[in-house]
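The values are calculated or read from the model by the stated rules, or taken from the named source; none is laboratory data. Just so it is clear, the model here is predicted, and its values are computed rather than measured. Backbone-built Cβ (ideal geometry, glycine too); neighbour counts: all protein chains shown. Calculation scope for accessible area: heavy atoms of the full protein, side chains included, ligands and nucleic acids excluded. Shrake-Rupley method; radii C 1.70, N 1.55, O 1.52, S 1.80 Å.
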Amino acid sequence: SLVLKDLPEKTRQFLEVEISNRQEYNIAEEDLVQYLRKYVKASRKQIRKSMRGEMMVKISCLRQIAARGKMHVAIPFIHDVIDGGNKLIVFVFHKTVTDEIRKFFPDVVTVTGSDTADQKQKAIDRFQTDPSCRLIVVNYRSGGCGVTLTAATRELFIELPWTCADCEQSEARAHRNGQK
């Protein structure tokens with residue numbers, strides 16, 4: 001308890017990870033670059049407007065490929081945290097990332113768009129109260145705000161949200177102001 005007063009409220013650790021599927025990512029990235037060169041400078045408003053949706057899909061695909069490429073580092077990290085007896089919140093954006101985590105951790109609880117409101121609440125309650133439940137995967141849209149997960153002191157962001165505010169909101173699921 002003497003050391004507690006000297007701890008910062010919150011610490012962040014950033015880990016640069018070389019994705020394991022770099023070739024796949026580069027191909028998809030080049031496709032996006034070609035697309036941008038071809039259509040972004042288009043002068044007609046209608047062409048630009050109709051292509052915006054396609055561009056967002058392509059960017060989302062790049063994000064999903066990058067997330068899959070981080071799993072070779074994320075899975076051992078998750079094991080280290082929960083095998084050490086700690087609880088961990090993993091934030092994701094894509095359902096495929098949740099599915100990949102579930103392959104390695106079949107007992108994981110989730111708060112995602114695929115879960116009903118009842119399933120989400122049961123997952124939150126179990127994570128908060130059951131010492132044997134050490135891992136929860138949370139989608140930013142489904143549980144990035146308005147959810148209390150203070151049983152955990154560690155969070156892993158495999159995919160980052162679109163805005164810094166969403167990231168800070170997600171961090172606040174486990175960390176409350178004044179908490180060490």
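Structure notes:
- At the residue level, THR116 shows approximately 70 square angstrom of accessible surface with a 1.4 angstrom probe and all protein chains present.
- Dipole moment magnitude, nearest 20 debye, the stretch 72-133 about Cα centre, only Lys, Arg, Asp, Glu C-beta charged: 120 debye
- Summing charges over neighbours of ASP130, with a neighbour being any other residue whose Cβ is under 14 Å away from its Cβ, gives +2 when K and R count +1 and D and E count -1.
- Protein-only accessible surface at a 1.4 angstrom probe places the residues CYS164, CYS61, CYS133 in the order CYS164, CYS61, CYS133, largest first.
- Sorting PHE104, PHE77 on solvent-accessible area from highest to lowest, probe radius 1.4 Å, gives PHE104, PHE77.
- Rolling a 1.4 Å probe across all protein chains gives HIS72 an accessible area of roughly 90 Å².
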